[in-house]
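All remarks here apply to the structure that follows.
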Amino acid sequence: MTGNLSNHEVVVKYEIENFKDQPVMLDVVENLRHIRKEVRSDNDRDVDWELGKDTTFEGGPDKEKTTADQVTFHAKLPARDKDGKAEKIVQKFHIILKNEW
């Protein structure tokens, strides 16, 4: 292939609510190839990526569960209130897809 390599920044926004009576920890898993395919065509190469500064998941990616093809975050969600209303939690995953054709 010939051409210039470039980086692409993508921010995935999650709006999450917990309707349970107890707080929970939610695993959020994203397929990196799928994200790239949404932005560019899949080229069968491993995704070269880095975490962007706008990522809001506390603690960053789970190092044990994150692989070359997927990234896992944990989101703490509070229990619903006495009236059954759930608080909407907004999280962002900011990814920089590097060295793309």
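The values are calculated or read from the model by the stated rules, or taken from the named source; none is laboratory data. Please read these numbers as outputs of a predicted model, since none were measured by experiment. Reconstructed Cβ throughout: ideal geometry from the backbone, glycine too, with neighbour counts over all protein chains shown. Only protein heavy atoms, including side chains, enter the accessible area calculation; ligands, DNA and RNA are left aside. Shrake-Rupley method; radii C 1.70, N 1.55, O 1.52, S 1.80 Å.
Restricted to segment 54-72, and to residues there that are hydroxyl-bearing (S, T, Y) and touching a strand residue (DSSP E or B) at 6+ places or on another chain (Cβ under 8 Å), the residue that is farthest from R36 (Cα to Cα) is T56. Of all residues in segment 60-72, those satisfying the criterion of being open to solvent by 90 Å² or more (accessible area, probe 1.4 Å) and either over 27 Å from A86 (Cβ atoms) or in a strand (DSSP E or B) (or both) are K63, E64. Among the conditions (1) at pLDDT 95 or above; (2) on the phi < 0 side of the Ramachandran plot, the only one that L5 does not satisfy is (1). Count of segment 24-49 residues, restricted to those that are among the charged types (D, E, K, R), within 27 Å of K88 (Cα to Cα) and loosely packed, with under 11 Cβ neighbours inside 10 Å, is 2.
Can you find a residue that is more than 12 Å from the chain's Cα centre (by Cα) and in contact (Cβ under 8 Å) with a residue 40 or more places away in the chain anywhere in segment 54-72? No, segment 54-72 contains no residue that is more than 12 Å from the chain's Cα centre (by Cα) and in contact (Cβ under 8 Å) with a residue 40 or more places away in the chain.
Checking the conditions here, which among A79, A75 is small (G, A, S), surrounded by 12 or more Cβ atoms within 10 Å (Cβ to Cβ) and assigned to a strand (DSSP E or B)?
Numbers: A79 fails: assigned to a strand (DSSP E or B).
Of A79, A75, the one residue that is small (G, A, S), surrounded by 12 or more Cβ atoms within 10 Å (Cβ to Cβ) and assigned to a strand (DSSP E or B) is A75.
Out of everything in segment 10-23 that is among the acidic types (D, E) and surrounded by fewer than 12 Cβ atoms within 10 Å (Cβ to Cβ), what residue ends up being farthest from T67 (Cα to Cα)? Going through the qualifying residues, I end up with D21.
From F93, F57, grab the single residue that is surrounded by 12 or more Cβ atoms within 10 Å (Cβ to Cβ) and part of a strand (DSSP E or B).
F93
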